[in-house]
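A.B. asks: Let me give you the structure first, and then I'll get to my questions.
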Amino acid sequence: MNVQKEVQTKILSQTQAPLLEICNLTKVFGSGLLQRGQKAALENFSMSIQGSPSKIISIAGESGSGKTTLARLILGFLIPTQGEVRYRGKDLKMMDQKSWKTFRREVQAIFQDPYGVYNPFYPVDRVFEIVIRKFKLAKNRQESRRITEEALVVVGLRPDEILGKYPHQLSGGQRQRIMLSRAFLLKPKLIIADEPVSMIDASMRAIILKIMMDLKDNFGISFIYITHDLSTAFQISDDIIVLYEGLVAESGDAEIVIKSPKHPYVQLLVGSIPIPDPDQPWQGRVELPPEEELEMNTLRGCKFYRRCPYKMEICLKNPPPLYNIGADHLAACYLYK
């Protein structure tokens, strides 16, 4: 009876566990002899995604803020210095072969360069064939062709115009949609999209973003959308997390954070977006502090200190924690202490 109860408790805990849970994740890179010159690309990052309802969560920030490092840690491409990435309650570092295969099937990735992921010597059909063979998705060639065509149609492509073509014969937008199609083929629970629209033209960007929203709404697929573009994050995200030098500056509902930013860094980011109105001059100029202040070592305090217009003495002593300033709205700034 006790054994049965333990099994039931274990099953219940697994079903209640978040789809993805990140706990105090830190990644430190070192260079040189004895790892001198170490730099924390990501520090004490935590978040969770439930299995339902599906969501699009944006991770935003400038270059070097830790966005891509986070994506690689989630995908298991990097080993964290500290902290854990758990999928369905299991730590990635502790997964057995069977669990890894499930993870690889249910968590897919789309990368920035829609050309670099292809082998130029093979038709694009190969990206589907490898996935179908690896995960045994079809019993024969006819079934393989059918599910490939269905996946292409979902992302708005015509199979007869795509299959048999080589990567160089297709546009960047077509190549990126094929990557979305390949990911969809596995019916994943989560897709990590790392800057998926930064290398394609503006008209195709809207199409890719619309496909992501359709996959979320119609197929229950959640996305972690890595971007530096707050305008696209605003268009498609449910929630947003803004990073600055590896730390969370602000997080919350995407519309609230972007329309009413609280952290000085996020205010600068939003304020730096030019308004398309010739009668309103752009006020996005940033005044840098004196050179000696720029050289100040602020490792113990707030990393944004040297650029912050509201800097205080307390900011130099300890990094600010995340303060709750509204419903699920957090900002790491002593202004809200």
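The values are calculated or read from the model by the stated rules, or taken from the named source; none is laboratory data. If you're wondering where the values come from, they're calculated on a predicted model, not measured in any experiment. Backbone-built Cβ (ideal geometry, glycine too); neighbour counts: all protein chains shown.
A.B. asks: Being exposed (fewer than 14 other Cβ atoms within 10 Å of the Cβ) and either closer than 19 Å to I147 by Cβ or of a type in the set (S, T, N, Q) (or both) is the filter here; which residues of region 164-183 pass it?
C.D. replies: G164, Q169, S171
A.B. asks: Conditions: (1) surrounded by 15 or more Cβ atoms within 10 Å (Cβ to Cβ); (2) part of a helix (DSSP H, G or I); (3) not acidic (D, E). K93 meets all but one. Number of the miss?
C.D. replies: (1)
A.B. asks: Sort out which residues of region 193-204 are of a type outside the set (S, T, N, Q) and either touching an Asp or Glu at 6+ places or on another chain (Cβ under 9 Å) or buried (at least 24 other Cβ atoms within 10 Å of the Cβ) (or both), and write them in order of number.
C.D. replies: Matches in region 193-204: A193, E195, P196, V197, M199.
A.B. asks: Can I ask one more? Given the criteria of a type in the set (S, T, Y), more than 16 Å from L25 (Cβ to Cβ) and in contact with a strand residue (DSSP E or B) (Cβ under 9 Å, 6 or more places away or on another chain), does S171 qualify?
C.D. replies: When the stated conditions are applied, S171 does not pass them.
A.B. asks: Same structure, new question: Condition first: under 17 Å from I192 (Cα atoms) and out of contact with any Leu (no Cβ under 9 Å at 6 or more places or on another chain). Can you find one or more residues in region 36-50 that meet it?
C.D. replies: Scanning region 36-50 turns up no residue that is under 17 Å from I192 (Cα atoms) and out of contact with any Leu (no Cβ under 9 Å at 6 or more places or on another chain).
A.B. asks: From the residues in region 38-77 that are charged (D, E, K, R) and over 24 Å from I208 (Cα atoms), which one is modelled with the lowest pLDDT?
C.D. replies: K39
A.B. asks: Then there's this: Starting from region 41-68, keep only residues that are buried (at least 17 other Cβ atoms within 10 Å of the Cβ) and outside any loop (DSSP other than H, G, I, E, B), then list their pairs with residues that are modelled with pLDDT under 95 and aromatic (F, W, Y) whose Cβ atoms are within a distance under 8 Å, requiring at least 6 positions of separation or different chains.
C.D. replies: Pairs found: A41/F29.
A.B. asks: Across region 224-245, which residue is surrounded by the most Cβ atoms within 10 Å (Cβ to Cβ) among those that are touching a helix residue (DSSP H, G or I) at 6+ places or on another chain (Cβ under 8 Å) and farther than 16 Å from L209 by Cα?
C.D. replies: Among those residues, the one meeting the criterion is V242.
A.B. asks: Related question: Name the one entry in L170, L157, L163, L152 that is among the hydrophobic types (A, V, I, L, M, F, W, C) and more than 26 Å from S198 (Cβ to Cβ).
C.D. replies: L163
A.B. asks: Right, F184: in contact with a Gly (Cβ under 9 Å, 6 or more places away or on another chain) and among the aromatic types (F, W, Y) or not?
C.D. replies: No: the conditions fail for F184.
A.B. asks: Using beta carbons and a limit of 7 Å, which pairs, at least six apart or on different chains, have the first residue in region 89-101 and closer than 18 Å to M47 by Cα and touching a residue at least 40 places away in the same chain (Cβ under 8 Å) and the second one surrounded by fewer than 14 Cβ atoms within 10 Å (Cβ to Cβ) and not aliphatic (A, V, I, L, M)?
C.D. replies: G89/S13; G89/Q14
A.B. asks: Next question, about the same structure. Testing M213 on (1) surrounded by fewer than 17 Cβ atoms within 10 Å (Cβ to Cβ); (2) modelled with pLDDT of 90 or more; (3) more than 25 Å from P159 (Cα to Cα), one condition comes back false. Which one is that?
C.D. replies: Exception for M213: condition (3).
A.B. asks: Let me ask you something else. Determine if region 169-180 includes at least one residue that is over 26 Å from the mean Cα position of the chain (by Cα) and among the basic types (K, R).
C.D. replies: No, the conditions are met nowhere in region 169-180.
A.B. asks: Condition first: outside any strand (DSSP E or B), in contact (Cβ under 8 Å) with a residue 40 or more places away in the chain and touching a helix residue (DSSP H, G or I) at 6+ places or on another chain (Cβ under 9 Å). Now tell me which residues in region 76-88 satisfy that.
C.D. replies: The answer is L78, P80, R88.
A.B. asks: Among the residues of region 165-172, is any modelled with pLDDT under 95 and touching a Ser or Thr at 6+ places or on another chain (Cβ under 9 Å)?
C.D. replies: no
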